[in-house]
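See below for the structure under consideration.
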Amino acid sequence: MTQQTIIFPDHSADLKRIQEQLDGLQSMLQKVILTPKPEWLSVKDYARHMSRTIRTIDTWIVDGKVEIRMVGGVKMVRVQN
């Protein structure tokens, strides 16, 4: 029985390049700070978030379409997912 020899191509340069890319990505990810979306926004911020006018949001509040609460005298609207 004869033994076969398999020759694999040298991919060390490709592997080194990939490792450098991974190191760069890891460095970038370590700098990322995740901030959760707020659960409540002021009427003004909610209107901007929804691309609507404050008057439209006030109408939604009167119609009961959005949940509100008062925080320190400021009307806050619950952000819907």
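Each value in this text was obtained by applying a stated rule to the coordinates, not by laboratory testing. All figures in this text were calculated on a predicted structure; none of them were measured in a lab. As a convention, Cβ positions derive from the backbone with ideal geometry for all residues, glycine included, and neighbour counts pool all protein chains shown.
Using unit Cβ charges (K, R positive; D, E negative) and no other charged atoms, how large, in debye to the nearest 20, is the dipole of the chain about its Cα centre?
Computed about the Cα centre, the dipole is about 620 debye.
From the backbone phi of segment 51-56, what are the Karplus-calculated ³J(HN,Hα) couplings (6.51 cos²θ - 1.76 cosθ + 1.60, θ = phi - 60°) in whole Hz, Gly and Pro given as x?
6, 10, 8, 4, 4, 4
Per residue Cα convex hull volume for the chain, in cubic angstrom?
Looking at the chain, the number lands at 220 Å³ per residue.
Given 0.36 nm per residue, what is the gain on full extension from Thr5 to Ser27 after removing their alpha carbon distance, in nm? Numbers along the way, then the final one.
On the way: separation 22, 0.36 × 22 = 7.92 nm, distance 4.08 nm.
Here the segment from Thr5 to Ser27 would lengthen by 3.8 nm.
What are the residues whose amide H is under 5 Å from the amide H of Val79, where those residues sit 5 or more places off or on another chain and H is modelled from the backbone?
Hits under the 5 Å cutoff: Trp40, Leu41.
What aspartates and glutamates could a cross-link reach from Lys65, if we take a straight Cα to Cα line under 13 Å and drop same-chain neighbours fewer than 8 places away?
List returned: none.
Using 0.36 nm per residue, how much length does the chain from Val74 to Thr56 gain when fully extended, once their Cα-Cα distance is taken away?
4.7 nm is the gain from fully extending Val74 to Thr56.
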